[in-house]
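> Right, I'll just put the structure down here and ask away after.
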Amino acid sequence: MDTPWTHTTVLLEEAVDALQATGSRDTFVDATFGRGGHSRAILDRLAPEGRLIAYDKDAEAVAEAARIEDARFSIRHQGFKHLGELAPASVGGLLMDLGISSPQIDNPARGFSFRFDGPLDMRMDTSRGESVAEWLATAEPQQIAEVIRDYGEERFAVQIAKAIAARRQERGPVSTTAELAELVAGAVKTREPGQNPATRTFQALRIFINAELEELQQALEASLSVLKPQGRLAVISFHSLEDRIVKQFIAKHSREVFDRRAPFAQAPEMKLRSIGRIKPSEAEVQANPRARSAILRVAERTGAPA
Ligand SMILES: C[S@@+](CC[C@H](N)C(=O)[O-])C[C@H]1O[C@@H](n2cnc3c(N)ncnc32)[C@H](O)[C@@H]1O
């Protein structure tokens with residue numbers, strides 16, 4: 001179970017097994033350090049000559065990484081879209097554990113959760129970019145509605161956007177999580193059982209303000225150049241928008257997609273081999289309800305080792 005400032009790593013053994021790091025002298029990448037649960041397990045398995053490069057956009061995660069005293073380990077305070085800057089075919093295994101960590105969501109000051117009142121921020125990297133409050137203060141209602149509809153799959157997106165714009169006119173922009181949650185609750189007409197009415201809107205704004213889906217796509221494309229032949233790609237996603245991107249990316253590059261419009265066209269070069277899809281066990285979900293929606297997808301870079 002998480003305590004307020006810890007993160008219970010999801011699919012720990014499964015993801016690290018998938019990377020095949022045991023005894024390896026290769027360079028591995030943990031693209032989402034968080035609190036380092038996966039990183040520490042990878043380091044436990046790597047050979048003394050192996051290396052682990054981690055990334056995280058969040059300064060608090062990077063500060064936590066400083067506690068790892070291991071010459072094989074380094075961390076970059078960067079988005080994982082920068083993965084493509086690594087040397088081509090230099091990485092033996094790449095892990096992405098998407099989304100936010102428990103310390104981020106449980107800290108009211110970060111503004112990720114409707115469960116606590118705090119400034120409406122939601123940036124993973126607070127050193128750059130606009131907060132959600134800043135964006136909502138000037139965005140067109142139509143843009144707001146599109147974001148909430150497309151990234152939250154929210155039926156009442158137009159009504160929510162109108163409520164945000166009306167409040168802006170009457171009393172100034174929304175600036176806290178509690179204000180936004182209250183506005184959304186007033187605009188959402190039918191409740192989903194067991195779900196807070198603000199769930200979809202908060203998810204949508206978080207995905208948008210952090211450019212999560214664009215950066216995921218960029219990192220997946222970059223993985224094709226940085227992974228060595230037989231290097232493993234392991235991605236854990238937590239909602240269907242992310243998982244769809246990962247699934248389609250692996251399918252496209254492992255030629256699982258048959259193009260019915262061009263059945264005799266030369267097939268594109270196969271760059272990945274799909275290894276499989278793993279979900280958390282019942283026991284893991286019982287112990288950590290945040291694991292409930294996790295899906296791990298694994299693929300291997302094709303080609304003969306050098
Ligand atoms: C689910 S947590 C990872 C938890 C980690 N595997 C552990 O066991 O402690 C996701 C982390 O990835 C970071 N993150 C999310 N998207 C990122 C991106 N595009 N670039 C870099 N870091 C990102 C978040 O700041 C967060 O710390």
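The values are calculated or read from the model by the stated rules, or taken from the named source; none is laboratory data. Since this is a predicted model, take the numbers as computed values, not measurements. As a convention, Cβ positions derive from the backbone with ideal geometry for all residues, glycine included, and neighbour counts pool all protein chains shown. Calculation scope for accessible area: heavy atoms of the full protein, side chains included, ligands and nucleic acids excluded. Shrake-Rupley method; radii C 1.70, N 1.55, O 1.52, S 1.80 Å.
> Can you pull the three principal axis extents for the Cα set of the chain, in Å, largest first?
That works out to 65, 55, 38 Å along the principal axes.
> What is the percent of Cα-Cα separations in region 126-209 that go past 16 Å?
Result for the distance tail: 46 percent.
> What distance in nm separates the two pseudo spin-label positions at Thr22 and Gln266, each 7 Å out from Cα along the beta-carbon direction?
Here the modelled spin labels are 4.1 nm apart.
> Over the chain, with a Gaussian network built from C-alpha contacts below 10 Å, which listed residue (Ala145, Ala267, Ala54) shows the highest mean-square fluctuation?
Ala267
> Quick one: which of 199-208, 133-142 comes out on top by average Cβ neighbours within 10 Å, and what's the full order, highest first?
Ranking, from highest mean packing down: 199-208, 133-142.
> Next question, about the same structure. In nm, what is the difference between 0.36 nm times the number of residues separating Glu214 and Leu12 and their Cα-Cα distance?
Length difference between fully extended and current span is 70.2 nm.
> Also, quick follow-up: Would you mind telling me the antiparallel percentage of the DSSP bridges in the chain, rounded to 5?
Once the DSSP bridges in the chain are tallied, antiparallel ones form about 40 percent.
> On to the next question. For region 159-306, with equal point scatterers placed on the C-alpha atoms only and solvent neglected, what are the log10 I(q)/I(0) values from the Debye formula at q = 0.10, 0.15 1/Å, to two decimals?
Log10 I(q)/I(0), no solvent term: -0.56, -0.92.
> Per residue, how much accessible surface does the chain expose to a 1.4 Å probe? Answer in Å², no decimals.
49 Å²
> Roughly how many whole Å is it from the C-alpha centroid of region 1-79 to that of region 278-294?
Cα centroid of region 1-79 versus Cα centroid of region 278-294: 20 Å apart.
> OK, next. Determine the equivalent ellipsoid of region 84-154 by diagonalising the alpha-carbon gyration tensor, then write out the semi-axes as square roots of 5 times the eigenvalues, largest first, rounded to whole Å.
Here the semi-axes work out to 29, 18, 13 Å.
> What residue among Leu43, Leu224, Leu86 has the largest mean-square fluctuation in a Gaussian network model of the chain, using Cα springs under 10 Å?
So, out of Leu43, Leu224, Leu86, the one fluctuating most is Leu86.
> Please give the calculated 222 nm ellipticity per residue for the chain, where each DSSP H segment of at least 4 residues contributes -39500 (n - 2.57) and the sum is spread over every residue; nearest 500 deg cm²/dmol?
After summing the helix terms and dividing by residue count, I get -11500 deg cm²/dmol.
> Just to be sure I understand the model, the point goes 7 Å from the Cα along the line to the Cβ. What's the resulting Ala304 to Ser240 distance in nm?
4.4 nm
> Could you tell me the relative contact order of region 126-209? Use alpha-carbon pairs under 8 Å, at least six residues apart, and round to a whole percent.
The value is 38 percent.
> Let me ask something else about it. Would you mind checking the radius of gyration and Dmax of region 63-185 based on alpha-carbon positions, in Å?
Considering region 63-185 through its Cα atoms, Rg and Dmax are 18.4, 57 Å.
> So, one more: So, with a 1.4 angstrom probe, what is the percent of accessible area on the chain that is carbon and sulfur?
For the chain, the apolar C and S fraction of the accessible surface comes to 50 percent.
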